[in-house]
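Okay, structure first, notes after.
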Amino acid sequence: MIKEQVWHQLRDALSRCGDELKLESTDDGLAQLALERPRQLHFGDFAVNVSPLARFAKLPPPKIAEIVCESVKTSAPLLEPSLAGGFVNFKVDTQTLLDGVLRLLQAPALGQNTVMAEDCILLEYVSANPTGPLHIGHGRWMALGNSLARLMKHCGATVWQEFYVNDYGSQMNNIANSVWYRCLQQCDASIPFPEKTEDQPYPFYPGEYVVDIAATYLANDENRAEFEQWRAMAQAPDYQAPEKALEVLKAEAKFQMMAAQKRLLERCGLVFDLWFSETDLHQAGEVADCLQVLKERGYAYEQDGAVWFASSRFDDDSDRVLVKTDGSYTYLTADIAYHWDKFIRDDGCFTKAINIWGADHHGYIPRMKAAIAALGIDPERLEILLGQLVNLKVDGQRTRMGKRKTMMTLADLVDEVGVDAVRFWMVSKSQDTTLDFDVDLAASASDENPVFYVQYAHARCCSIFRNALGARLDTAEGETLPPFIDPQAWQAYLSAVDAEGLGRLFDDIEDEAALTALRELILKLDGFQDKVVECATKRYPHLMARYLMDLAADFHSFYSHVRVLVDDPEVAKPRLVVVELLRRTLATGLQLLGVSAPQQM
RNA sequence: GCGCCCGUAGCUCAGCUGGAUAGAGUGUCGCCCUCCGAAGGCGAAGGUCGCGCGUUCGAAUCGCGCCGGGCGUACCA
């Protein structure tokens, strides 16, 4: 990278004035410094704030900057060093830029690196109950988790993506009962669906989708026949379902809902390595085993007819119930067993488990960390990423999302605005901030979504190549002309180009704004890999979305200042190289966010 | 009450391991298509970075205290 090269030069410069700055060693000094892009273009290509050296040199920052600046003057590829307070600004020579372009061109995969090569990560996200359709909040975890998986893989990590299916417990009974009543209604419309009452929990799902589950189920003749037998057993007024019926309908609801969730997620570009069933965990006896281990390690005890987890011996506020007085496990118990499984399966191959949870579960973190510690596993290996919730804005009014009312689902949203717009939008903001999702805006004015700005830049690059490599029509004569550049010759040029061949990249660019645009573009392209690493290690995919918007802006600016397909092919080719790099970078960046990079729009 | 997240331009948000004149999108107002895609470019206007105190040569960034908003605080899942 250009940046690395510059850093190297800066090191030399610093070593030459190390004594004067009273540095113990050049590396000590260097460790204090960061090479950054200046906030404003006219400061140059790179900047270093030397203020942190003040503690060694015992000199005011501007004086240190002066000393460093003098030293930089003798570092050949660094040009025009200038001072501004505690900053030293400088530019790099064109040769360095050309070398940088060449290296990017020869890279097999842009931005790919090995920073996380040692990591084997189990990433769990979305993890919804199979009791209803995915809602818009799930859309955020979907986009966030999958983008993160792609980014971490690009940094060399092994990433296993997992969806935990909460197919056990009372919610499943509720959906079974709900399907039961909807089935009854299919046969006899006069049978009422249980009404909601204010003062007690409502164990039903009133959503329309439950009607669809019932209809799909009954559309099968065998199912219908079986159901009629159960219906005959059900008596007014409450039409209690037979056990067997609930069992079958529970499985039916789970099957249909999971199929729908899978279909939608696949449409969004997600393929989970495993859909882990909570029921399987119980049936395999893992929950009981896990509880046994907790007991043996002295972290579970009986009191008041329940079994408790002594989580307060770790960072938790109080102890938690594992086995209720009625003898059944709490949700926590199964979840502990699940997380235990993550760390012991396949000989404990996973170095880290990362979960994405909604902020409404944040209070759950201390007890889960405590559980991991109690099981003798380093709790640092469990990393929980919290995402703040999504507020829906309908008619300018904020409403809390929830799948039990009738409101826009993730599938509806994807139908309305498309996968690309949803995925980009969902990761264009930090997960630390509550996302307001304006449904009306999404439905009406989808081209306000910044994703189109980025995609447009990509399509424009492709368009330039279509013009450069395709047959041309002479409008005056009506004749077909040969391509501006022969496609085969272009490929040959691309694979054989060297710094000399790129040498005319800066030719005929006299306009200051044009030159700035080109240099800026190259430096921005050079920073792609750093950005990939930053996104993956900070777990902040939104930084990639912003980077792509910046890059697209730099390209549009370059495009309006510098004509690529100029008459002299030897000048046009190096410029096409830049367009090619841009095309690849945009495509790779979008791919890392799971967004398509269309060749035309 | 306690815990976590947030409060930055009209709106939606970046920036937060302290550092230059606080940025972008959108909206508003100008200008730019005989020339590679105007879903674009160039420019203008728009800010006591919620408030106060503290640490520091220096605070949007760190600490403390307020104020405002969201979420949580189950033998629910």
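Structure above, values below:
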read-out: Sequence-distant residues sharing a close amide H with A:F437 (under 5 Å, placed H); value: A:N391, A:L392, A:K393
read-out: Amide H within-cut-off set for A:A84, under 5 Å, with H built and near neighbours excluded; value: A:N89
read-out: Note, ³J(HN,Hα) from phi for segment A:487-496, Karplus 6.51, -1.76, 1.60, rounded to Hz, x at Gly and Pro; value: x, 5, 4, 5, 4, 4, 4, 4, 7, 10
read-out: Hull shadow area, averaged, segment A:66-137 [alpha-carbon convex hull, nm²]; value: 11.1 nm²
read-out: Dimensionless Rg/Rh of segment A:52-202 - Kirkwood Rh, Rg from C-alpha atoms; value: 1.36
read-out: Simple spin-label estimate for A:Y239 and A:A54 in nanometres, 7 Å along Cα-Cβ; value: 7.7 nm
read-out: Per-pair calculated FRET efficiency, R0 = 45 Å: A:D346 and A:Q185 via Cβ, rounded to 0.05; value: 0.45
read-out: Chain A: angle of helix A:221-233 to the longest principal axis, Cα-based, in degrees nearest 10; value: 40 degrees
read-out: Separation of alpha-carbon centers, segment A:48-73 and segment A:252-276, rounded to whole Å; value: 58 Å
read-out: Degrees between helix A:512-526 axis and first principal axis of chain A (Cα, 0 to 90, nearest 10); value: 50 degrees
read-out: Protection proxy ranking, peptides A:240-253, A:50-63, average beta carbon neighbours within 10 Å, highest first; value: A:240-253, A:50-63
read-out: Residues of type aspartates and glutamates that A:K538 reaches as a straight line, Cα spacing below 15 Å, ignoring anything fewer than 8 places off in the same chain; value: A:D119, A:E383, A:D432, A:D530
read-out: Computed over chain A: relative contact order in percent, which uses C-alpha pairs under 8 Å that are six or more apart; value: 16 percent
read-out: Karplus-derived HN-Hα couplings along segment A:363-369 (A = 6.51, B = -1.76, C = 1.60, θ = phi - 60°), whole Hz, x at Gly and Pro; value: x, 7, 4, x, 6, 6, 4
read-out: Distance between segment A:131-193 and segment A:75-108 - C-alpha centres, whole angstrom; value: 51 Å
read-out: Sites A:S170 and A:Y453, calculated FRET efficiency, Cβ-Cβ separation with R0 45 Å, nearest 0.05; value: 0.45
read-out: Bins of 20 Å from zero: percent of alpha-carbon pairs in chain A; value: 16, 39, 30, 13, 2
read-out: Neighbour cut-off at most 13 other Cβ (10 Å), DSSP loop, GluC sites (Glu not before Pro), segment A:117-168; value: A:E118
read-out: Spacing of the two label points (7 Å from each Cα toward its C-beta) at A:L79 and A:D440, in nm; value: 5.4 nm
read-out: Karplus-derived 3J(HN,Hα), 6.51/-1.76/1.60, for each residue of segment A:594-601, Hz, glycine and proline x; value: x, 10, 6, 10, x, 7, 9, 10
read-out: Interchain or long-range residues, amide H under 5 Å from A:F276's placed H; value: A:F163, A:Y164, A:V165
read-out: Helix A:286-296 vs. chain A, principal-axis angle (Cα, 0 to 90°, nearest 10); value: 90 degrees
read-out: Segment A:170-253 - Debye-derived log10 I(q)/I(0), Cα point model, q = 0.19, 0.25, 0.27 Å⁻¹; value: -0.79, -1.41, -1.64
read-out: Using distinct alpha-carbon pairs, which all enter the 1/r mean, Kirkwood radius of segment A:2-64 in Å; value: 12.2 Å
read-out: D_trans [Stokes-Einstein, Kirkwood Rh over alpha-carbon pairs] for segment A:451-592, 4 °C, 1.567 mPa s, µm² s⁻¹; value: 80 µm²/s
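Any read-out appearing in this document is the output of simple, stated calculations on the displayed coordinates, not a laboratory observation. As the structure is a prediction and not an experimental result, all values here were calculated from the model. Glycine gets a Cβ as well: all are built from the backbone with ideal geometry, and neighbour counts include every protein chain shown.
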